[in-house]
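Just below is one structure, and these are the notes that go with it.
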Amino acid sequence: QVHLVESGGGLVQPGGSLRLSCVASGSIFRYSDMDWYRQVPGKQRELVATVRTAGSTKYSDSVVGRFTISRDNNKNTVFLQMNNLKPEDTAVYYCHLATRGPGFWGQGTQVTVSS
């Protein structure tokens, strides 16, 4: 069993920045691709960014150039640096550890972008 705990969410003004963190328990983190998703009420969960075990990254079109995903395998932690935030980035952000099955999810952290 893997437990994921996100932190770093909050209220920020448009144009501001936040850095999300997600710490994973267990020993499979370094062997797993990691994702950040986000979800707003009434909509499907959206894949925002992925960092693979070897470090390559992929982003949704809506965040490319503004968000950066990274990982620290020594600390079992994945990060999402979010810059130039927009009101439409408001959502609950979830980290996900990918497996051959459904994977594991954190509890989510709320990000609100508003003036």
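The values are calculated or read from the model by the stated rules, or taken from the named source; none is laboratory data. Owing to the predicted nature of the structure, the values given are computational and were not obtained by experimental measurement. The accessibility values were calculated without ligands, DNA or RNA, using every heavy atom of the protein model including side chains. Shrake-Rupley method; radii C 1.70, N 1.55, O 1.52, S 1.80 Å.
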Kindly provide the pair-distance distribution of region 59-115 built from C-alpha pairs, with 10 Å bins from 0 and whole-percent values in order of increasing distance. 19, 47, 30, 4, 0
Solvent-accessible area of GLU88, probe 1.4 Å, all protein chains present, reported in Å² to the nearest ten, please. 120 Å²
For region 1-50, take the alpha-carbon Rg, divide it by the Kirkwood Rh, and send me Rg/Rh. 1.02
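Ignoring ligands, DNA and RNA, what accessible area per residue does region 1-83 give at 1.4 Å, in Å²?
On the way: 4610 Å² over 83 residues.
Per-residue value: 56 Å².
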What list of ³J(HN,Hα) couplings, whole Hz, do you get for region 46-58 from phi and the Karplus terms 6.51, -1.76, 1.60, once you set θ to phi - 60° and write x for glycine and proline? 10, 6, 9, 7, 9, 10, 7, 4, 7, x, 5, 10, 8
Between region 5-42 and region 65-111, the alpha-carbon center distance in angstrom: 3 Å
Hey, any idea what % of the chain's accessible area is carbon plus sulfur with a 1.4 Å probe? 49 percent
Please give every one of the lysines within straight-line cross-link reach of LYS43, meaning a C-alpha to C-alpha distance under 28 Å, and leave out same-chain neighbours fewer than 8 residues apart. LYS58, LYS86
